[in-house]
Amino acid sequence: MNKEQTIKFASSKGYDFDSKEDFEEFVQNNMIPKLQTELDYDHSTSYLPKDCVLKISPSQFSKFIDKPHQWYREVILKEKGFNYSTASVIGTIVHYLAEKVGKKQNYIKDEIYKYINSFVENDDYCKKTVTNSFESMATTLIQNYVLPNMDNFLEVESKHFAEIGYGYYASGTLDVLHGTKDDCMIVDYKTYNSKTKPKTIPSYYKYQLLVYAFILRKNGYNVNRIQLVYVNRNIDGGVSDKTNKPLKSYPPEVVVLTETITDDDVDFITSLLQLCVETCLATIEYPELTHVLWHDARLQVD
């Protein structure tokens, strides 16, 4: 919903705005989903500067590169994209538990089950699988990565932002910043469900972490490494139908992948972020070219 649609919606509810501050207060109180549990994603943008036109999320940025039409629909048009799945709910819970340990805080078990039960079961979401999986995965991640490394954690679950230009900001929440401000590494936790261990950092995750590097470098952090810390879901091999013998199982295990980033990497992602902003501005100035700019003939304006 864009600003005009929001104002129209608000008017239908009897709201009137005397200032920009009144409008922003309405959006914060009425248009941003309220958190129901500690695990719900915080959509609040109140921490961003008042001149922020659009927040560009690191986790979504690979879509601008690989599927620009989808990025435009989800970010600019606010069309509903991905909702939730077994994998995403497990991932959120594992992140939550790792965060609490990394911050030396107590977690609330009831909040986890409240979060699990807040989603309706469907073909993509199974509560039983989530319940049976998250504890062993989180325990493995915490025992094999968080606890041995947390003395070197600089920040855990911290929000950062930086302006790209024209009021467009890149902003997101880091899992972990490791090291010191003068020499640090961005750490991102990932969960997966496969017998095959990850061997390289996929491009879509690298784009995400490079956007964080752009943000942090703009804020005075000397980021020179990125790291993905994977933990897999337990895969029970079961029993062979032919021999009746147990097949190989794959219990949760941590896989750490680290890469050095260079000035060229940051220059590259900076150029893509600038291209994103310029494409958004061109769409406003030349709406008749929307379908060309975003590579989707269905977006053609009559």
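Rule-based calculations on the coordinates, nothing more; no lab input. Computed from a predicted structure; not experimentally measured. Here the Cβ positions follow ideal geometry from the backbone for every residue, glycine too, while neighbour counts run over all protein chains shown.
Would you mind classifying the stretch 32-191 by shape? Square roots of the alpha carbon gyration tensor eigenvalues, ordered a ≥ b ≥ c; an a/c under 1.5 is rounded, otherwise it is prolate if a/b is larger than b/c and oblate if not. The shape class here is oblate.
Site pair LYS55 and GLU285 shows an inter-label distance of 2.8 nm when each label is modelled 7 Å from Cα along Cα→Cβ.
Among the listed pairs LYS80/LYS248; LYS128/LYS245; LYS50/LYS80; LYS127/LYS218; LYS100/LYS181, a Cα-Cα separation exceeding 31 Å is found for LYS80/LYS248; LYS127/LYS218.
Cβ crowding within 10 Å ranks TYR286, TYR189 as TYR286, TYR189, fewest other Cβ atoms first.
By DSSP, what percent of the beta bridges with both residues in the stretch 30-177 are antiparallel, rounded to the nearest 5? Given both bridge residues lie in the stretch 30-177, the antiparallel proportion sits at roughly 75 percent. Taking the Cα centre of the chain as the origin and placing charges on Cβ (Lys, Arg +1; Asp, Glu -1), which of VAL187, GLY238, VAL94 is farthest toward the positive end of the dipole? So the residue furthest toward the plus end is GLY238. Relative contact order of the stretch 166-302, taken over Cα pairs closer than 8 Å and 6 or more residues apart, is 21 percent.
Between ILE112, ILE269, ILE235, the residue with the greatest mean-square fluctuation in the GNM of the chain (Cα pairs under 10 Å linked by springs) is ILE235. Overall form of the chain: prolate. Here a/c, set by the Cα gyration tensor axes a ≥ b ≥ c, is 1.5 or more, and a/b is the larger of a/b and b/c. A protection proxy built from the mean count of other Cβ atoms within 10 Å ranks the segments 88-97, 138-147, 46-55, most packed first, as 88-97, 138-147, 46-55. For ASN219 and THR258, a Förster radius of 25 Å and the Cβ-Cβ distance give a FRET efficiency of 0.70, rounded to the nearest 0.05. Listed values for the stretch 111-119 are Karplus-derived 3J(HN,Hα) couplings in whole Hz (6.51 cos²θ - 1.76 cosθ + 1.60, θ = phi - 60°), namely 5, 5, 6, 5, 5, 4, 7, 7, 9, and x replaces Gly and Pro. Summing charges over all other residues whose Cβ lies under 15 Å from the Cβ of VAL89, with Lys and Arg as +1 and Asp and Glu as -1, gives -2.
Around the amide H of ILE164, modelled in the peptide plane, lie the amide H atoms of TYR169, ALA170, all under 5 Å away and 5 or more residues distant in sequence or on another chain.
Once backbone amide H atoms are built at 1.01 Å from N, SER158 has LEU174 as its partners under 5 Å, excluding neighbours fewer than 5 places away on the same chain.
State whether the stretch 146-302 is rounded, prolate or oblate according to the following rule on the C-alpha gyration tensor (a ≥ b ≥ c being the square roots of its eigenvalues): a/c under 1.5 gives rounded; otherwise a/b larger than b/c gives prolate, and the remaining case gives oblate. It is oblate, given that a/c is not under 1.5 and a/b is not larger than b/c. Helical content of the chain, expressed as a calculated mean residue ellipticity at 222 nm, amounts to -11000 deg cm²/dmol (DSSP H runs of 4 or more residues, -39,500 (n - 2.57) each, divided by residue number, nearest 500). Annotation note: trypsin sites (Lys or Arg not before Pro) in the stretch 75-105 located in DSSP loop regions with a Cβ neighbour count of at most 16 within 10 Å are LYS78, LYS80, LYS103, LYS104. Charged neighbours of ASN152, selected by a Cβ distance under 15 Å, balance to -1 (K, R count +1; D, E count -1).
Amide H contacts for LYS190 (H built 1.01 Å from N in the peptide plane; partners 5 or more residues away or on another chain; cut-off under 5 Å): VAL229, TYR230, VAL231. Applying 1/(1 + (r/R0)^6) with R0 = 30 Å to the Cβ-Cβ distance of SER44 and ASN152 gives a FRET efficiency near 0.55. Normalising the average separation of contacting C-alpha pairs (under 8 angstrom, six or more residues apart) by the number of residues puts the relative contact order of the stretch 69-165 at 37 percent. Give the percent of DSSP beta bridges with both residues in the chain that are antiparallel, rounded to the nearest 5. Here the antiparallel bridges make up roughly 70 percent for the chain. Short-range pairs are left out: with C-alpha atoms under 8 Å and at least six residues apart, the relative contact order of the stretch 57-299 is 19 percent.
I want to verify a result. In a Gaussian network model of the chain, Cα cutoff 10 Å, which of these has the top mean-square fluctuation: PRO198, PRO68, PRO148? Judging by the Gaussian network model, the answer is PRO148. Using Cβ point charges alone (K and R +1, D and E -1), the dipole size of the chain about the Cα centre works out to roughly 1200 debye. Applying the Karplus relation 6.51 cos²θ - 1.76 cosθ + 1.60 with θ = phi - 60° to the stretch 44-55 yields 3J(HN,Hα) values of 4, 10, 5, 6, 7, x, 5, 8, 5, 8, 8, 9 Hz, where x marks Gly and Pro.
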